[in-house]
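Enquirer: Starting off with a structure, shown below.
The values are calculated or read from the model by the stated rules, or taken from the named source; none is laboratory data. Computed from a predicted model, the values in this text were never measured in an experiment. Because the Cβ atoms are built from the backbone with ideal geometry, glycine has one as well, and the counts that use them run over all protein chains shown. Just the protein is used for accessible areas: all its heavy atoms, side chains included, with ligands, DNA and RNA removed. Shrake-Rupley method; radii C 1.70, N 1.55, O 1.52, S 1.80 Å.
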Amino acid sequence: MRITNKIMRNNSAYNINQNKILQDKLTNQMTTQSKIVRPSDDPVVAIRALRLRSNVTTVTQYNDRNAKDADQWLALTADAMDTVDEVLKDLYEQATTAPNKNLTSSELRILMSQMKQLTAEFYSCANVDYAGRFIFSGYRTDLPVTFTEEDMKDMKDHPFSFNINEEFGFQDISRINYIDYGTVADMQNNIADTTVTSYEQSVENSTMYRFRLSYNNLDSLGKADMEGNAPKLTFTMPDGTKVEASANAVPSTGNFELKTTVTAGTGTAPQIVEFANQEEAYKAIAEGKFNGKDFNGIAYIPSSGEMVFSKDFYDQNFNEAAFNKSETGFRVNYDKTSWKNGDINPVHYFKCTETKNTAAPGEKPELRKTAYNTQREEGRDQDIYYDVGFNQQIQVNTRADEIFTHDVQRDMDDFEHYLKQLEGIETLQADLEKKRKDYPEDSAEYKDLTQRIEGADKAWAYIRDNIHTKFENQITKYQKYRDDSSVAMTDSATRRSRLELVSTRLTNQKETFKELQQDNEGIDITEVAVELTASELTYSAALMATGKIMQTSLMNYI
């Protein structure tokens, strides 16, 4: 085959261009630090790069965002629970001091004041938030666990009421004592009352039982609800009997017997009386009398949030055997409209329905009903999980019902009641002592007042012993609250420890993927620099050789 100058010129131009293409490729690699500029440069490297970049992006999301967000949430939870534990520890220490019977009512009042402040701090920890989200509120991160001042302001313009369903077990029955010293305190009759043989013997310490509801200041059945309807108290007995109670006739005293109807089951409806006053309810149960008739049923006390009954009624209906056979336990449905700052919002704990007036102040009421927790008995399925790895999740939240029990505040209500009893009997003792000084020692009045003082002293001993017992039992209760809190703290700490392990692994994975990405896409600068220098030398040599060849042609030899 004859090779002409044109063929040599074309081949040289093609080869020089290929060299320039190689130089351009190497120059791009040097400037971009990447093997390829477009997928067509190396399809295998491009496909592997897409996969590795996706892995790096995913791991970065898990490690730098999700895991850190979860850790901050868990850290705030741990801090709040540490405070809760310290508060419960202080309450426990206060409770160990209170059983000292040498403490006066004024000293106990100071102790109570300190315990109230600690209790307030206990519930304030429930409203800790993270970036505007309340960490103990489950899915309802926009709602604080307890009502706040803002809620109280909103309530003035838009009143709301809750219908609450609450369930009790046998362990929720508590035993209480009532000291009746009414005869001693009754100064309306003649001081020298010859019909009373012994005031001391008239003082009795009666034992009774109760279910203590989670709230006090409940709605009376003698007052219409927000919709203008007569309210009802419904409950289910351990044997499955469902009872509906409503007001029949409401006397001016505020104590009235309820009309009861069995709506399901084969049992009979118990006798129920609503009492406006706690002491009057206790007295009726102790005496077994209401309005001069036999009373062996349930005393419903909206003001204190209690359902109280006698030992006989307890043995017949609420003994442990009855609960062991029961499929439902004891369930109560009641209404509460009066709320205050610091009360626990029932939506985080119970199956309930809110009725709220959404109309502007002064306009015609517009009632909106909202049902909460309709698919469950309690808010126990609102665990929040963060994705922190490939097919890995970490629960970040701790629910309010795991730590913040209603009982801490309700225990303080009991302490307040007992302390008022002690202050009342001490006031009576002081009054009797003062009156006795007005009479000579040999007078009938002096002897009568002496007997009254002896009766008051006996009542004081009973009340002080009840306070002593209450505080002794409270030591165990506060320890139980601490134990429950410790379980939640341990669970949260365990999740955080696991998150630390996951974060460490994610960090290692991120570094590994980045190294693989660099190995796949990155260049060896030294190698590319050598190749670029070689291509430049080759290019220069090619130009020189081509120039020399192109200087001669066939005409030079003709």
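Enquirer: Which three lengths, in whole Å and largest first, does region 329-463 cover when its Cα atoms are put on their principal axes?
Expert: The principal-axis extents, from largest down, are 92, 48, 29 Å.
Enquirer: Using 1/(1 + (r/R0)^6) with R0 = 35 angstrom and r between the beta carbons of Leu22 and Thr507, what's the FRET efficiency to the nearest 0.05?
Expert: 0.30
Enquirer: Then there's this: Okay, helix-only estimate at 222 nm for the chain: each DSSP H run of n ≥ 4 adds -39500 (n - 2.57), divide by all residues, round to 500 deg cm²/dmol; what do you get?
Expert: Using -39500 (n - 2.57) per qualifying helix, the result is -16500 deg cm²/dmol.
Enquirer: Now for a separate question. Hey, what does the equivalent ellipsoid look like for region 384-500, semi-axes from the Cα gyration tensor as sqrt of 5 times each eigenvalue, largest first, whole Å?
Expert: Each semi-axis is the square root of five times an eigenvalue, giving 59, 11, 7 Å.
Enquirer: Report the gain in length on full extension from Asn5 to Ala131: 0.36 nm times residue separation, minus Cα-Cα distance, nm rounded to one decimal.
Expert: 37.4 nm
Enquirer: Want the number for Val45 to Glu441: 0.36 nm per residue separation, take away the alpha-carbon distance, what's left?
Expert: 131.2 nm
Enquirer: Percent of Cα-Cα pairs more than 17 Å apart in region 47-161, please.
Expert: 71 percent
Enquirer: Right, another one. Quote the convex hull volume per residue of region 249-326, based on C-alpha atoms, as a whole number of Å³.
Expert: Considering the Cα atoms of region 249-326, their hull volume per residue is 110 Å³.
Enquirer: Still on this structure, I have one more. Determine the dipole magnitude for region 339-388: charges of +1 sit on the beta-carbon of Lys and Arg, -1 on that of Asp and Glu, nothing else is charged, the reference point is the Cα centre, and the result goes in debye to the nearest 20.
Expert: Dipole about the Cα centre, nearest 20: 300 debye.
Enquirer: Starting from the exponent 0.38 and prefactor 2.2 Å, build the expected Rg for region 297-347 from its residue count and divide its actual Cα Rg by it.
Expert: Expressed relative to 2.2 N^0.38 Å, the Cα Rg reads 1.48.
Enquirer: Under a crude label model (7 Å from the Cα following the beta-carbon direction), how far is Glu320 from Asn473 in nanometres?
Expert: Going from the Glu320 label point to the Asn473 one covers 1.6 nm.
Enquirer: So which aspartates and glutamates can Lys514 reach, going by Cα to Cα under 19 Å and dropping same-chain residues fewer than 8 places off?
Expert: Straight-line reach from Lys514, under 19 Å: Asp64, Asp524.
Enquirer: Moving on to the next point. Compute the Cα gyration tensor for region 390-434, then decide on rounded, prolate or oblate, letting a ≥ b ≥ c be the square roots of its eigenvalues: rounded whenever a/c is under 1.5, prolate when a/b is larger than b/c in the other cases, and oblate in all that remain.
Expert: Taking the square roots of the gyration eigenvalues as a ≥ b ≥ c, region 390-434 is prolate.
Enquirer: Please identify the helices of the chain, taking whole runs of DSSP H, that span at least 27 Å along their own axis as judged from the Cα atoms and have a mean Kyte-Doolittle score of 0.5 or higher.
Expert: Helices meeting the span and hydropathy rule in the chain are 525-550.
Enquirer: For each pair in Lys311/Lys477; Lys289/Lys434; Lys259/Lys283, compute the distance between the two Cα atoms and list the pairs where it is over 27 Å.
Expert: Where the Cα-Cα span goes over 27 Å, the pairs concerned are Lys289/Lys434.
Enquirer: Where a Cα-Cα gap under 20 Å defines reach, which lysines qualify for Lys25, not counting those fewer than 8 residues away within the same chain?
Expert: Lys35
Enquirer: I want to check the label-to-label distance for Gln551 and Lys101. Put each point 7 Å from Cα in the C-beta direction and report it in nm to one decimal.
Expert: For Gln551 paired with Lys101, the spin-label model returns 12.9 nm.
Enquirer: Percent of Cα-Cα pairs more than 30 Å apart in the chain, please.
Expert: 68 percent
Enquirer: Please report the orientation-averaged projected area of region 211-363, defined via the convex hull of its C-alpha atoms, in nm².
Expert: Over every viewing direction, the Cα hull of region 211-363 projects on average to 10.9 nm².
Enquirer: Calculate what fraction, in whole %, of the accessible area of the chain sits on carbon and sulfur atoms when a 1.4 Å probe is rolled over the protein chains.
Expert: Ligands and nucleic acids excluded, carbon and sulfur give 48 percent.
Enquirer: Would you kindly state how much longer the chain becomes between Thr57 and Gln201 on full extension, computed as 0.36 nm times their sequence separation minus their alpha carbon distance, in nm to one decimal?
Expert: Length gained, Thr57 through Gln201: 43.5 nm.
Enquirer: Still on this model: Per the Cauchy relation, a quarter of the hull surface: what is the mean projected area of the convex hull of the alpha carbons in region 465-541, in nm²?
Expert: Average of the hull's projected areas for region 465-541 equals 7.7 nm².
Enquirer: Among Ala70, Phe390, Gly222, whose Cα sits farthest toward the positive end of the charge dipole of the chain (+1 at Cβ of Lys/Arg, -1 at Cβ of Asp/Glu, about the Cα centre)?
Expert: Phe390
Enquirer: Next up: Taking the Cα centre of the chain as origin, sum charge times position over the Cβ atoms of Lys and Arg (+1) and Asp and Glu (-1), and report the length of that vector in debye to the nearest 20.
Expert: 3560 debye
Enquirer: Additional query: Positive end of the dipole of the chain, charges at C-beta (+1 Lys, Arg; -1 Asp, Glu), about the Cα centre: which of Leu118, Thr427, Asn165 has its Cα farthest in that direction?
Expert: Most positive-ward Cα: Asn165.
Enquirer: Would you kindly calculate the translational diffusion coefficient of region 281-405, applying Stokes-Einstein with the Kirkwood radius from alpha carbon pairs, for 20 °C and a viscosity of 1.002 mPa s, and quote it in µm² s⁻¹ without decimals?
Expert: Calculated translational D: 111 µm²/s.
Enquirer: Continuing with the same structure: If you count the DSSP beta bridges with both ends in the chain, what percent of them are antiparallel, to the nearest 5?
Expert: 95 percent
Enquirer: For region 143-160 and region 23-71, write down the distance between their C-alpha centroids in whole Å.
Expert: One Cα centre to the other: 52 Å.
Enquirer: What distance in nm lies between label points placed 7 Å from Cα along the C-beta direction at Ala249 and Glu416?
Expert: Once both label points are built, they end up 3.5 nm from each other.
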